[in-house]
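Contents: one structure, followed by commentary.
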Amino acid sequence: MEEMPAFSKRMRGDHLYKKAHNGSNPMSKMSNESREDYLEAIYLLTEQTGGAVRSVRLAEFMGLSKASICKAVAGLKEEGCISMDTDYLIALTATGLDEAKRIYRKHRYFERQLVAAGVDSETASAEACRLEHAISDNSFEKLLHFYSQWTADESQVMER
């Protein structure tokens with residue numbers, strides 16, 4: 001299995017908490033970007049451990065306080081993206097898993113393209129994180145289609 005990177009430095013820290021809770025009201029809904037970051041982190045941890053995740057591990061992974069994680073987890077649970085068992089283990093629901101995979105797919109694509117273009121891996125990961133949130137699913141799919149066509153056309157030209 002491919003090694004999964006830890007969150008980039010940009011994704012760590014209390015700024016996620018502040019964004020997630022729109023600065024002042026900790027009970028307000030988190031931003032879409034923060035929501036996606038939490039889902040992606042839960043997905044990565046689930047893949048690394050092969051099972052459900054404890055909130056303390058999620059807090060360590062994201063570089064946030066357990067209190068911040070608990071508030072975000074409550075929101076994700078309310079949305080139906082995650083479930084929590086009686087041992088407080090967090091698991092992605094089918095909906096959450098689909099969304100997390102979609103987010104991570106974008107991240108890996110952009111990260112690989114940036115590294116292939118000569119960007120160092122840490123910068124590529126941080127910038128891929130920003131790009132994954134900025135592009136719509138529709139535009140991303142069109143981009144993938146275009147570059148797969150372009151790569152095929154270019155390889156045919158190179159063979160001539």
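Any read-out appearing in this document is the output of simple, stated calculations on the displayed coordinates, not a laboratory observation. Values in this document were obtained by computation on a predicted structure and should not be read as measured data. Neighbour counts run over all protein chains shown; Cβ positions are idealised from the backbone, glycine included.
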Quick calc, residue 137 & residue 85: beta-carbon distance into FRET formula, R0 25 Å, rounding 0.05, result 0.25
Charge dipole magnitude, Cβ of K and R +1, D and E -1 - region 73-129, Cα centre, debye nearest 20: 300 debye
Rounded if a/c under 1.5, otherwise prolate or oblate - region 27-135, Cα gyration tensor axes: prolate
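Test of understanding: what is the full-extension gain from residue 115 to residue 98, defined as 0.36 nm times their sequence separation minus their Cα-Cα distance?
Values: separation 17, 0.36 × 17 = 6.12 nm, distance 2.58 nm.
Residue separation times 0.36 nm, minus the Cα-Cα distance, leaves 3.5 nm.
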For the residues 42, 69, 135, what sequence is obtained by ranking on other C-beta atoms within 10 Å, fewest first? 135, 69, 42
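Give me the net charge for the shell around residue 66: Cβ to Cβ below 11 angstrom, other residues only, Lys and Arg +1, Asp and Glu -1.
Values: positive: 54, 57, 71; negative: 60.
Residues near residue 66 contribute +2 overall.
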Counting Lys and Arg as +1 and Asp and Glu as -1 over every other residue whose Cβ sits under 12 Å from the Cβ of residue 120, the net charge comes to -3
